[in-house]
Amino acid sequence: MDLDSRLKETFASKPECVIDLPEWLLPSQKIDAYRHMSGLAIVEIAGRDSIAAAVKGVEQEGYTDLIPTYVYTGTEHGPWETVEQAVERMATRLPEVRVHDLIILGSPGFWHALNGRFMGDLIARYGFYTPCVGCHLYLHTARIPLSIALGRVPIVAGEREQHDGASKINQISEALDVYQDVAKGFGVPLRLPLRHIGEGDRITDILGFEWKAGEEQLGCVLSGNYRTLDGTVQNTAAQVQRYLEEFAGPCAKKILEAYIAGDVPNHLQIAASVLHY
């Protein structure tokens, strides 16, 4: 079975895949080679913002080698080919950079512990619930063990505080600070080169080609769940910050500690222990 077929199969079956990556996905000789690359970064592959972030990251930091990574959640839908097309677009846009083979990562257990199992408890404690904030925390932290294995190389992601005047609850400044602080706590730089770019036209300028926001990428069945019928957001930044600081952040840290120690953690047990503090 070739690499593309294996990636599609993994995307479909979504196994536990955060540490001890199979040899076909990350050969041992590649690990050694990656550790000796001074201009290496791990890049998030999602929609257009993630590719624009890679471009901006190369401009700012001078990366010479990029490892594209896709982290599955279990809530996405659409053709796998959009992920491959995003990688191809990045490679075409950055001909001077070596874009390495795509790595796919994920843990249904990790996502479930942060975002699924304890909805009732989280609503009772924090007065709201949305999976989106914990999901983005999961997406970033699932890449941290790989970064550490390769020598704590930077992770580049496409988070933005503003989207043409609109805010997304999982990308408000309070949330982005926590995502970066968790990564920093493990010695991993989480770089958000688009963080203060609010205009969609500027993203198009960075990309150098047309790509409409939200299109030609995988969708999520929970998209927009935190918005009311009129499109507004009722949750406050203070609620999100408390949820992240008291539950999601500590939970992700404990799960990561287990992964980095070489163990696949009992995700639900860790989450329950954090909730019972």
Considering only DSSP beta bridges whose two residues both sit in the chain, what percent are antiparallel, to the nearest 5?
25
Inter-centroid distance (Cα atoms) of segment 160-179 relative to segment 59-114, Å
21
Theoretical ellipticity at 222 nm over the chain - DSSP helices of four or more residues, -39500 (n - 2.57) apiece, nearest 500
-13500 deg cm²/dmol
Please list the helices of the chain that count as membrane-span-like by this rule: a mean Kyte-Doolittle hydropathy of at least 0.0 together with Cα atoms stretching 24 Å or more along the helix axis, each helix being a complete DSSP H run.
none
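Of the trypsin sites (Lys or Arg not before Pro) in segment 194-274, which ones lie in a loop per DSSP and count no more than 11 other C-beta atoms within 10 Å? Provide the component values of the computation, followed by the final result.
Numbers: sites: ARG195, ARG202, LYS212, ARG227, ARG242, LYS253, LYS254; in loops: ARG195, LYS212.
Within segment 194-274, the qualifying trypsin sites (Lys or Arg not before Pro) (loop, at most 11 other Cβ atoms within 10 Å) are LYS212.
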In what sequence do SER273, SER13, SER147 fall when counting other Cβ within 10 Å, fewest first?
SER13, SER273, SER147
Please order ILE270, ILE255, ILE31 by the number of other Cβ within 10 Å, starting at the fewest.
ILE31, ILE270, ILE255
Residues THR232, THR130, THR92, sorted so that the one with the fewest Cβ neighbours within 10 Å comes first:
THR232, THR92, THR130
If one computes P(r) from the Cα atoms of the chain, what percent of pairs lie at distances over 26 Å?
40
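Report, in listed order, any pair from LYS30/LYS212; LYS14/LYS253; LYS56/LYS212; LYS168/LYS212; LYS212/LYS253; LYS14/LYS254 with a Cα-Cα distance greater than 24 Å.
Long pairs (Cα-Cα over 24 Å): LYS30/LYS212; LYS212/LYS253.
Any chance you could run the full-extension gain for GLU245 through HIS112? It's 0.36 nm times the residue separation minus the Cα-Cα distance, nm to one decimal.
Roughly 46.0 nm would be gained on extension.
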If you filter segment 61-138 for GluC sites (Glu not before Pro), then keep DSSP loop positions with at most 14 other Cβ within 10 Å, what is left?
GLU96
Along Cα→Cβ, 7 Å out, is where each label goes; now give me the distance between the ones at ILE31 and ALA238 in nm to one decimal.
4.7
When the Kirkwood hydrodynamic radius is evaluated over all pairs of different C-alpha atoms of segment 226-277, what value in angstrom, to one decimal, is obtained?
12.7
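A short reminder: the numbers here are calculations on the coordinates, not readings from a lab. Quantities reported herein were computed from a predicted structural model and do not represent experimental measurements. As a convention, Cβ positions derive from the backbone with ideal geometry for all residues, glycine included, and neighbour counts pool all protein chains shown.
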